[in-house]
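Asks: Below is a structure I'd like to ask you about.
The values are calculated or read from the model by the stated rules, or taken from the named source; none is laboratory data. What you see is a predicted model, and the numbers here were worked out from it, not measured in a lab. Here the Cβ positions follow ideal geometry from the backbone for every residue, glycine too, while neighbour counts run over all protein chains shown. Accessible surface is based on the protein model in full, side chains and every heavy atom, while ligands, DNA and RNA are left aside. Shrake-Rupley method; radii C 1.70, N 1.55, O 1.52, S 1.80 Å.
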Amino acid sequence: MMLDVLYFAWLRERIGQPRERIETRAATLRDLVAELADRDEWHASAFADMGAVRCAIDQELADLDAPLDDAREVAFFPPMTGG
Amino acid sequence: MSARVQAGPFDLAAEMENFGRGAGAVVTFTGIVRDDTGRMLALELEYYPGMTERVLAEYGARAAARFGLADWKIIHRHGRLNLGEPIMMVATAARHRRAAFEAADYLMDWLKSRAPFWKREIGPDGAGAWVAAKDSDEDALKRW
């Protein structure tokens, strides 16, 4: 399936782009992360410590075991610092 | 009952016109950009268009249900903000003051750790470090 992957804050900087459209067969977020981290050293460094990364599927927070199903947009970002 | 994200400043007095009409208590909180490091000139805030607005509205609605609010408003800025500039505001209106105070406190605790914003400190040499999330902010959520 085609998926838009968005990156924010230092993940965006490490990967070098705010978003990319990818073709994937990943079943869960965890599978997708493994696939992305395999792409190149920039992706690998962004996903090196998943304890420091939060994820959203179609703009809803999700954990790594969440299934992608018919997801259209996935986002990766550090813990939020609003307020 | 509204939430919005904007780059420009907001006018608190104008925002409070007609807010919470008929309520017995209105509480407003304004967050201001401050310098914790001694060498910060500005903050830069990134957000997730779409998700951020939705999350703000969701927490507003939760606060309204939990504290019986007559009205609520959340405004959060993004982009570059200089020291001393207002960064965000929440306003809550209820029949009695305790509900309005608690709802504002509740909203601030949740927005700190759950609203999709990421802050970066800008120093004299340009872009600086991303602000790390604090454990104390996460701990604060346990109160609710």
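Asks: Assess whether B:R77 counts as being among the charged types (D, E, K, R) and surrounded by fewer than 18 Cβ atoms within 10 Å (Cβ to Cβ).
Replies: Numbers: among the charged types (D, E, K, R): yes; surrounded by fewer than 18 Cβ atoms within 10 Å (Cβ to Cβ): no.
The answer is no for B:R77.
Asks: Residues that are within 11 Å of chain A (Cβ to nearest Cβ), part of a strand (DSSP E or B) and out of contact with any Cys (no Cβ under 9 Å at 6 or more places or on another chain): does the stretch B:67-76 have at least one? So that I can check it myself, show each step before the final result.
Replies: Our first condition is that a residue be within 11 Å of chain A (Cβ to nearest Cβ); within the stretch B:67-76, this holds for B:74, B:76.
Now drop any that are not part of a strand (DSSP E or B), which leaves B:74, B:76.
Narrowing the set further to residues that are out of contact with any Cys (no Cβ under 9 Å at 6 or more places or on another chain) leaves B:74, B:76.
Within the stretch B:67-76, one or more residues are within 11 Å of chain A (Cβ to nearest Cβ), part of a strand (DSSP E or B) and out of contact with any Cys (no Cβ under 9 Å at 6 or more places or on another chain).
Asks: Output the residues belonging to the stretch A:13-32 that are among the polar types (S, T, N, Q) and open to solvent by 40 Å² or more (accessible area, probe 1.4 Å). It would help to see each step written out before you state the result.
Replies: Initial filter on the stretch A:13-32 (among the polar types (S, T, N, Q)): A:17, A:24, A:28.
Scanning the stretch A:13-32 gives a single hit, A:Q17.
Asks: Next question, about the same structure. Among the residues of the stretch B:111-129, write down those that are buried (at least 18 other Cβ atoms within 10 Å of the Cβ) and either at the interface with chain A (Cβ under 9 Å from one of its Cβ atoms) or among the acidic types (D, E) (or both).
Replies: B:L111, B:K112, B:S113, B:R114, B:A115, B:P116, B:F117, B:W118, B:K119, B:R120, B:E121
Asks: Tell me, please, whether a residue that is surrounded by 20 or more Cβ atoms within 10 Å (Cβ to Cβ), over 22 Å from B:D139 (Cα atoms) and in contact with an Asp or Glu (Cβ under 6 Å, 6 or more places away or on another chain) can be found in the stretch B:91-101.
Replies: yes
Asks: Name the pairs whose Cβ atoms lie under 8 Å apart, with the first residue in the stretch B:16-30 and closer than 12 Å to B:T92 by Cβ, the second part of a strand (DSSP E or B) and open to solvent by 50 Å² or more (accessible area, probe 1.4 Å), and 6 or more positions between them or separate chains?
Replies: Hits for this filter: B:M16/B:V26; B:M16/B:T28; B:F19/B:V26; B:G20/B:V26.
Asks: Among the residues of the stretch A:33-48, is any within 30 Å of B:Q6 (Cβ to Cβ), open to solvent by 10 Å² or more (accessible area, probe 1.4 Å) and within 10 Å of the chain's Cα centre (by Cα)? Outline the logic, then answer.
Replies: Of the stretch A:33-48, the ones within 30 Å of B:Q6 (Cβ to Cβ) are A:46.
With open to solvent by 10 Å² or more (accessible area, probe 1.4 Å) added as a condition, the list becomes none.
The answer is no, given that none of the residues of the stretch A:33-48 is within 30 Å of B:Q6 (Cβ to Cβ), open to solvent by 10 Å² or more (accessible area, probe 1.4 Å) and within 10 Å of the chain's Cα centre (by Cα).
Asks: Suppose we filter B:G60, B:G84, B:G50 for residues that are touching a residue at least 12 places away in the same chain (Cβ under 8 Å), surrounded by fewer than 21 Cβ atoms within 10 Å (Cβ to Cβ) and either more than 12 Å from every other protein chain (Cβ to nearest Cβ) or more than 12 Å from the chain's Cα centre (by Cα) (or both); which single one remains? I'd like the intermediate steps shown before the answer.
Replies: Values: B:G60 fails: surrounded by fewer than 21 Cβ atoms within 10 Å (Cβ to Cβ); B:G50 fails: touching a residue at least 12 places away in the same chain (Cβ under 8 Å).
Checking each option against the conditions leaves just B:G84.
Asks: Quick one: in the stretch B:17-41, which of the residues that are aliphatic (A, V, I, L, M) and at pLDDT below 95 is least open to solvent (accessible area, probe 1.4 Å)?
Replies: Quick first cut of the stretch B:17-41, residues aliphatic (A, V, I, L, M) only: B:23, B:25-27, B:32-33, B:40-41.
Next, only the ones that are at pLDDT below 95 stay: B:40-41.
Numbers: B:M40: 9, B:L41: 91 Å².
If we take residues in the stretch B:17-41 being aliphatic (A, V, I, L, M) and at pLDDT below 95, then B:M40 is least open to solvent (accessible area, probe 1.4 Å).
Asks: Among the residues of the stretch B:43-63, is any of a type in the set (D, E, K, R) and farther than 30 Å from A:A62 by Cα? Walk me through it before giving the result.
Replies: Applying the first criterion (of a type in the set (D, E, K, R)) to the stretch B:43-63 yields B:44, B:46, B:53-54, B:58, B:62.
Now drop any that are not farther than 30 Å from A:A62 by Cα, which leaves none.
Scanning the stretch B:43-63, I find no residue that is of a type in the set (D, E, K, R) and farther than 30 Å from A:A62 by Cα, so the answer is no.
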